[in-house]
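Everything on this sheet refers to the single structure shown next.
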Number of protein chains: 2
Amino acid sequence: MTNKDMFEPRWSRRAAEVGTLPFTGGARLPLSLAYGLPDPELFPRAGFAAASARILSDPAASAAALQYGSIAGHPPLIEMLVERLAQTEGLHVSPANLLITHGSSGAIGLAARLLVDDGDVVLVEAPSFVGALSILRRSGAQLYTVPVVASGLDVAGTESVLQTLHRQGVQPKALYTMPTFHNPTGLTLSLDSRVALLEVARRYNLVIIEDDAYRDLYYDSAEGSLPDSLYALDEDGRVIRTGTFSKTLAPGLRLGWALARPEVIERMMLLKEEGGTVNIAQHLVAEFGRDGALDAQVQTLVEAYRPKRDAMLNALESYLPDEAAWTRPAGGFFVWVTLPPSIDPPELARCALEQGVDYMPGAICFPEPLQPGNPTYLRLAFSLLSPEEIVEAVKRLGKAMRQTLGSAK
Amino acid sequence: MTNKDMFEPRWSRRAAEVGTLPFTGGARLPLSLAYGLPDPELFPRAGFAAASARILSDPAASAAALQYGSIAGHPPLIEMLVERLAQTEGLHVSPANLLITHGSSGAIGLAARLLVDDGDVVLVEAPSFVGALSILRRSGAQLYTVPVVASGLDVAGTESVLQTLHRQGVQPKALYTMPTFHNPTGLTLSLDSRVALLEVARRYNLVIIEDDAYRDLYYDSAEGSLPDSLYALDEDGRVIRTGTFSKTLAPGLRLGWALARPEVIERMMLLKEEGGTVNIAQHLVAEFGRDGALDAQVQTLVEAYRPKRDAMLNALESYLPDEAAWTRPAGGFFVWVTLPPSIDPPELARCALEQGVDYMPGAICFPEPLQPGNPTYLRLAFSLLSPEEIVEAVKRLGKAMRQTLGSAK
């Protein structure tokens with residue numbers, strides 16, 4: 001007897017609340033500026049093929065790569081990160097400061113599980129990375145926003161929010177922030193603001209989750225070096241920095257890491273529930289990365305993404321209407337465009353689709369629905385398309401904007 | 001100024017409660033019966049090497065394998081599972097019934113997040129799979145036990161527990177069970193008991209999480225076919241069955257799956273927080289598995305593990321003292337040994353180490369500390385060692401038992 005009606009699953013609260021897919025990677029239109037996908041032409045296919053062949057032709061190496069691994073991560077991979085942080089940032093950490101995770105999303109998820117009980121408050125930038133917002137929400141966090149201004153996170157605004165919450169007796173568990181090549185705005189917080197932010201965090205005893213996914217993709221190194229990470233500047237051990245190989249090597253590896261003081265790393269490790277992060281991918285990256293191949297790969301990426309960034313900025317200058325403003329990122333994958341509130345986002349999206357181009361509506365990147373009267377925002381990714389395609393896509397987008405502005409007048 | 005004392009992290013409750021590592025895969029003594037690790041000699045190294053070379057030498061195939069993937073899983077891999085379930089079990093499912101996960105632990109974790117709010121009751125067998133106990137606990141579940149008898153899960157005992165809880169106004173969210181080649185006991189629940197269990201689940205409106213990690217490793221198929229899975233017998237859509245490639249292919253892939261009705265799968269998918277399961281491993285397995293290579297691999301494993309199982313059962317007969325009793329598993333990786341309560345577990349462990357052998361103390365597999373007066377239990381894994389090593393290990397274990405029994409008298 002079938003008896004389907006009798007079965008009433010009682011979901012957990014978090015399961016009852018999830019409603020839409022957070023991310024549907026892969027699907028795209030011919031000219032899409034919507035997704036922050038790395039350019040697959042730049043995947044280090046030959047290097048991976050060689051590394052994979054070396055591992056799988058060796059009985060001991062393959063036995064180790066295919067077996068369960070240690071929960072903290074493959075030691076040579078961790079060692080590689082330790083050495084690279086020292087070389088590229090002068091940042092000296094020990095293996096006990098690192099945990100390999102299932103992408104940087106995995107690291108953010110573990111940080112959330114480490115800190116958040118149902119209803120706890122976590123501060124996020126408005127706008128912020130959509131994926132992180134959904135991870136934090138699903139951990140049970142209540143999200144409060146701190147403002148982002150033209151120079152990045154607004155430290156004074158963040159302090160006001162903390163003061164207000166403090167007066168209400170609310171102590172946020174953490175601030176999630178992306179100070180370097182921010183997703184979606186592309187902005188980078190200055191050194192002074194970083195130091196000031198850490199000072200505020202100290203006064204309010206706030207943990208900072210620093211999402212550092214894009215640091216390696218810095219296109220303007222000729223103009224000076226990047227400000228140190230919050231993790232590097234932190235003197236209290238209050239920063240959990242997350243990183244990823246998704247942008248520098250390949251998202252399909254699903255490998256990221258967390259960088260924090262050893263007690264935090266140990267506790268995050270205890271919260272991992274999947275019997276260790278995918279071992280075969282860790283061995284592949286460690287084998288690939290011997291003799292500095294990761295540095296060479298990063299150099300290749302910087303040389304390939306810089307002209308894309310430049311193509312986009314030039315095309316925006318040429319083709320966007322005067323009403324539009326945008327950021328000029330020094331790295332990462334994204335430009336953030338601001339349009340007058342008179343532009344109706346659904347109407348713009350419709351016109352853009354008609355022109356054969358799409359983008360990520362900026363409103364998605366805010367944890368709360370944007371109120372009427374706010375500007376209309378767009379996130380444009382320049383990572384996936386070729387410079388020529390980017391020019392064409394921006395040209396079409398400009399047309400769509402003019403159409404929408406025309407109909408709004 | 002360093003100011004470490006000022007920083008007082010306030011962990012989440014679950015983070016405050018985790019204390020010990022659930023699993024430390026990899027580390028082992030020369031003759032260890034402790035870990036349920038697959039034999040690395042049986043990893044399909046050559047097949048993986050060929051599949052990996054095919055993918056990475058092809059621009060389109062490698063671009064797809066290295067990019068972000070779909071959250072549900074790589075469609076050809078899901079299709080392979082659909083076909084294999086039909087061929088090996090006569091079980092007809094659609095791709096919408098399947099979700100690829102980060103090992104079967106990932107599937108259990110998602111099922112827990114789907115169902116469990118802090119403090120909700122989940123029933124587990126006593127004893128049960130250690131990894132699942134810790135996943136369920138960290139999801140916030142309160143674990144109540146149902147008894148395991150010589151024939152596996154005790155259906156009548158389970159019903160009593162449900163009755164008692166019902167009278168107390170407690171409705172458990174789920175039962176987590178491993179009816180086939182149970183970890184740690186090696187027992188398989190009969191068809192009649194499965195049908196009876198589903199009937200009880202229907203009466204109490206209970207979701208069942210069926211951990212089916214070992215089904216393929218059936219060594220006695222000459223004696224008849226395995227009973228259908230709870231998922232296959234279920235008429236209400238109340239079973240979430242979990243599976244894994246860790247035992248048949250390699251744990252280092254970290255690939256498993258959940259099998260459930262589409263509404264459940266969809267909701268589990270929405271709870272995935274890591275931007276999709278490791279894509280490169282999914283492409284590797286799908287490529288490897290074309291033309292039936294997975295079936296051939298399973299056949300190889302069955303032929304290789306059967307003599308190990310037989311070696312262990314024969315050695316137990318030859319070398320264990322009369323006071324010992326043990327299960328006779330028809331598949332999987334484990335034998336469960338019972339000794340009189342007079343044997344002190346730490347003393348036995350000490351003697352065993354002295355003899356150069358180790359095992360998993362059975363007490364670990366119970367969600368509650370075992371009371372004095374209970375038998376002393378051991379879980380022995382026959383998966384990793386060669387038949388000759390197994391014989392030697394059991395011989396040493398027998399010596400250790402006799403020593404401990406002697407000192408107990």
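Values in this text are rule-based calculations from the coordinates and carry no lab data. These figures come from a predicted structure and were not determined experimentally. For neighbour counting, all protein chains shown are included, and Cβ atoms are generated from backbone atoms with ideal geometry for every residue, glycine included.
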Next on the checklist: Taking 0.36 nm per residue of sequence separation and subtracting the Cα-Cα distance, how much length would be gained by fully extending the chain between residue B:323 and residue B:164, in nm to one decimal?
Outcome noted: 53.7 nm
Item to check | Dipole axis of segment A:256-409 (+1 Lys, Arg; -1 Asp, Glu on Cβ), positive-most option in A:372, A:292, A:359 | outcome: A:372
Checklist entry - Out of every Cα pair in segment B:157-292, what percent are spaced more than 18 Å from each other? => result 63 percent
Checklist entry - For A:322, B:120, what ranking results if the residue with the fewest other Cβ atoms within 10 Å of its Cβ goes first? => result A:322, B:120
Next on the checklist: For peptide B:55-66, what's the mean number of Cβ atoms from other chains within 10 Å of each residue's Cβ?
Outcome noted: 5
Checklist entry - For segment B:98-106, in order, what is each residue's ³J(HN,Hα) by Karplus, 6.51 cos²θ - 1.76 cosθ + 1.60 with θ = phi - 60°, in whole Hz (x at glycine and Pro)? => result 10, 9, 7, 10, 7, x, 6, 4, x
Checklist outcome for this item: Connecting every pair of Cα atoms under 10 Å apart in chain B and solving the GNM, the largest mean-square fluctuation among B:169, B:237, B:109 falls on B:169
Item to check | Radius of gyration and Dmax over the Cα atoms of segment A:235-319, both given in Å | outcome: 17.6, 53
Checklist outcome for this item: Treating only Lys and Arg (+1) and Asp and Glu (-1) as charged, each at its beta carbon, one finds that chain B has a dipole about its Cα centre, in Debye to the nearest 20, of 760 debye
Checklist outcome for this item: Dividing the helical contributions, -39500 (n - 2.57) per DSSP H run of n ≥ 4, by the residues of chain A yields a 222 nm value, nearest 500 deg cm²/dmol, of -13000 deg cm²/dmol
Checklist entry - What Kirkwood radius, in Å to one decimal, follows from the Cα pairs of segment A:87-127? => result 12.9 Å
Checklist entry - Mind checking the dipole of the protein assembly as shown: about its Cα centre, +1 per Lys or Arg Cβ, -1 per Asp or Glu Cβ, Debye to the nearest 20? => result 600 debye
Next on the checklist: Exceeding 18 Å between C-alpha atoms, which entries from my cross-link table qualify? They are A:272/B:173; B:247/B:272; A:247/B:272; A:308/A:399; B:247/B:308.
Outcome noted: A:272/B:173; B:247/B:272; A:247/B:272; A:308/A:399
Checklist entry - Expressed as a whole number of Å, what is the distance separating the alpha-carbon centroids of segment A:73-129 and segment A:144-201? => result 19 Å
Next on the checklist: Restricting everything to alpha-carbon atoms, can you work out Rg to Rh for segment B:29-113 with a Kirkwood hydrodynamic radius?
Outcome noted: 1.04
Checklist entry - Normalized C-alpha radius of gyration of the protein assembly as shown, against 2.2 N^0.38 Å? => result 0.98
Checklist outcome for this item: Dividing the alpha-carbon radius of gyration of segment B:348-408 by 2.2 N^0.38 Å, where N counts its residues, gives 1.20
Item to check | For the protein assembly as shown, with +1 on Lys and Arg beta carbons and -1 on Asp and Glu, the positive-most of A:307, B:330, A:16 along the dipole | outcome: A:16
Checklist outcome for this item: If B:74, A:166 are placed from fewest to most neighbouring beta carbons inside 10 Å, the sequence is A:166, B:74
Checklist entry - How would you rank B:326, A:257, going from fewest to most other Cβ atoms within 10 Å of each one's own Cβ? => result B:326, A:257
Checklist outcome for this item: Once both label points are put 7 Å beyond Cα along the C-beta direction, the residue B:371-residue B:386 separation in nm becomes 4.7 nm
Next on the checklist: Explain nothing, just the number: dipole magnitude of segment A:70-156 about its Cα centre with +1 on each Lys and Arg Cβ and -1 on each Asp and Glu Cβ, in debye rounded to the nearest 20.
Outcome noted: 200 debye
Checklist outcome for this item: Once both label points are put 7 Å beyond Cα along the C-beta direction, the residue B:402-residue B:54 separation in nm becomes 5.4 nm
Checklist entry - Using a Gaussian network model of chain B with C-alpha springs under 10 Å, which one of B:162, B:31, B:271 is most mobile by mean-square fluctuation? => result B:271
Next on the checklist: What is the ratio of the Cα radius of gyration of segment A:93-252 to 2.2 N^0.38 Å, with N the residue count, to two decimals?
Outcome noted: 0.99
Checklist entry - Restricting attention to the alpha-carbon atoms of chain A, what are Rg (one decimal) and Dmax (integer), both in Å? => result 21.9, 73
Item to check | Over segment B:137-228, equivalent-ellipsoid semi-axes from the Cα gyration tensor in Å | outcome: 26, 15, 11
